[in-house]
Amino acid sequence: MVNWCPYGPLLVLPAFCTVAATLFTWMAAFDCSFFEFSSDGSRDASISVGLWTVEDFRTFSSNLWDTNLQLVYGYGSCSTWKNAEEIGTNDLDAPLKAARAFSLMSCMFSLPLLVAILLLSCKKLPKNHLYLLSIAMIVEGFCFMISLVAVKSKWCQETRDCHLDTAGILCILGSLLWFVAGLSTPFLQYE
């Protein structure tokens, strides 16, 4: 019988966590739903904002009983910050720029880490290489977690109701999976 995986079933946990974390990293970075805010406090008139994309929206002004109301309604379709109708890349503030930078770094480094962990299924590595791979995965988790600084942007701070949306939750889950993968990798033993 040919044993094609030198680490046996112990590789399942770090490999699964790395594959899932890589998917979550890419989905969270480029999805339109990192956080959601509402200009008037209702969930019906909310806008989803992503790190690289934003929901298309319109701003309506209305005078009602001598009160000027400013309402923002989203259409549900996403576009890049550059191509959005009412906003542009000049509306990006420092927290969003930092979140974008760390999400891009996380996406770029996730692919080599994915290849490295999948190569372990057919190649033995010295223990010190496993430790380096483990440290890289933990650093990846921290870098991706820093993307959560996006909720400190003006888009979230200047509204009544702001909360993490689907991509923001994927960011947290992806970071946790990077940590689990990094913490479980040094315990791999040859079969």
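The values are calculated or read from the model by the stated rules, or taken from the named source; none is laboratory data. Since the structure is predicted, the reported quantities are computational estimates derived from the model, not experimental observations. Reconstructed Cβ throughout: ideal geometry from the backbone, glycine too, with neighbour counts over all protein chains shown.
For the range 119-149, name all the residues that are more than 18 Å from Gly174 (Cα to Cα) and either of a type in the set (A, V, I, L, M) or buried (at least 18 other Cβ atoms within 10 Å of the Cβ) (or both). Hits for the range 119-149 are Leu119, Leu120, Leu125, Leu130, Leu132.
In a residue-by-residue description of the range 85-101, the property of being out of contact with any helix residue (DSSP H, G or I) (no Cβ under 9 Å at 6 or more places or on another chain), among the charged types (D, E, K, R), outside any loop (DSSP other than H, G, I, E, B) and at pLDDT below 95 applies to at least one position. Restricting the first member to the range 157-174 and to residues that are under 14 Å from Ile47 (Cβ atoms), and the second to residues that are of a type in the set (Lys, Arg), the beta-carbon pairs closer than 9 Å and six or more apart or on different chains are Asp161/Arg43.
With respect to the conditions (1) among the aliphatic types (A, V, I, L, M); (2) modelled with pLDDT under 90; (3) not in a loop (DSSP other than H, G, I, E, B), Leu125 falls short on a single one, namely (3). For the range 134-191, filtered to residues that are within 20 Å of Cys32 (Cα to Cα) and of a type in the set (Gly, Ala, Ser), the residue that is farthest from the chain's Cα centre (by Cα) is Ser153.
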